[in-house]
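Below is one structure, written out as structure tokens; comments come after it.
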Amino acid sequence: IEAEIGTIACPLLALQGVDDEYGTLAQIHGIAARLPHTKLVEVARCGHSPHKDQPEVVIAAVSAFIAGVQNRARRTP
């Protein structure tokens with residue numbers, strides 16, 4: 001995956017549970033280091049499934065991310 005990540009050109013939302021038993025926050029921080037158009041969300045009190053563990057947080061983060069992308073698109077001629 002790391003070899004391919006540089007090909008992503010669109011805005012990216014990277015969410016990860018702080019207590020993820022299968023991954024580390026270093027993974028999403030590594031993504032953000034390679035792709036400056038990344039929005040990071042570290043979800044507290046959350047394991048590997050943010051959409052199940054903290055659905056309200058995920059919905060709010062996704063909604064804000066989409067709104068931000070839409071606002072940037074409107075400003076771009």
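Restricting attention to region 3-18, and to residues there that are in a loop (DSSP other than H, G, I, E, B) and among the small types (Gly, Ala, Ser), which single residue is modelled with the lowest pLDDT? I'd like the intermediate steps shown before the answer.
Initial filter on region 3-18 (in a loop (DSSP other than H, G, I, E, B)): 3-4, 8-11, 18.
Next, from what is left, pick out any that are among the small types (Gly, Ala, Ser): 3, 9.
Details: Ala3: 80, Ala9: 90.
Applying the filter and picking the extreme gives Ala3.
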Region 21-48: number of residues that are within 20 Å of Ile1 (Cα to Cα) and either of a type in the set (Gly, Ala, Ser) or assigned to a helix (DSSP H, G or I) (or both): 11
Subset of region 49-77 [β-branched (Val, Ile, Thr), modelled with pLDDT under 95 and under 22 Å from Gly6 (Cα atoms)]: Val69
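Residue check: is Thr24 over 11 Å from the mean Cα position of the chain (by Cα) and exposed (fewer than 10 other Cβ atoms within 10 Å of the Cβ)?
On the way: over 11 Å from the mean Cα position of the chain (by Cα): yes; exposed (fewer than 10 other Cβ atoms within 10 Å of the Cβ): no.
Taking the combined requirement at face value, the residue does not satisfy it.
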Lone unmet requirement of (1) in contact (Cβ under 8 Å) with a residue 12 or more places away in the chain; (2) open to solvent by less than 50 Å² (accessible area, probe 1.4 Å); (3) out of contact with any helix residue (DSSP H, G or I) (no Cβ under 9 Å at 6 or more places or on another chain) for Asp53: (2)
Per-region count, region 28-50, residues out of contact with any Phe, Trp or Tyr (no Cβ under 7 Å at 6 or more places or on another chain), exposed (fewer than 14 other Cβ atoms within 10 Å of the Cβ) and not small (Gly, Ala, Ser): 4
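Just wondering, is there one or more residues in region 64-72 that are in contact with a helix residue (DSSP H, G or I) (Cβ under 6 Å, 6 or more places away or on another chain), surrounded by 13 or more Cβ atoms within 10 Å (Cβ to Cβ) and on the phi < 0 side of the Ramachandran plot?
Going residue by residue through region 64-72, those that are in contact with a helix residue (DSSP H, G or I) (Cβ under 6 Å, 6 or more places away or on another chain) are none.
Within region 64-72, not a single residue is in contact with a helix residue (DSSP H, G or I) (Cβ under 6 Å, 6 or more places away or on another chain), surrounded by 13 or more Cβ atoms within 10 Å (Cβ to Cβ) and on the phi < 0 side of the Ramachandran plot.
The values are calculated or read from the model by the stated rules, or taken from the named source; none is laboratory data. Model, not experiment: these values are computed from the prediction. Counting neighbours? That spans all protein chains shown, and the Cβs are built from the backbone with ideal geometry, glycine included. The accessibility values were calculated without ligands, DNA or RNA, using every heavy atom of the protein model including side chains. Shrake-Rupley method; radii C 1.70, N 1.55, O 1.52, S 1.80 Å.
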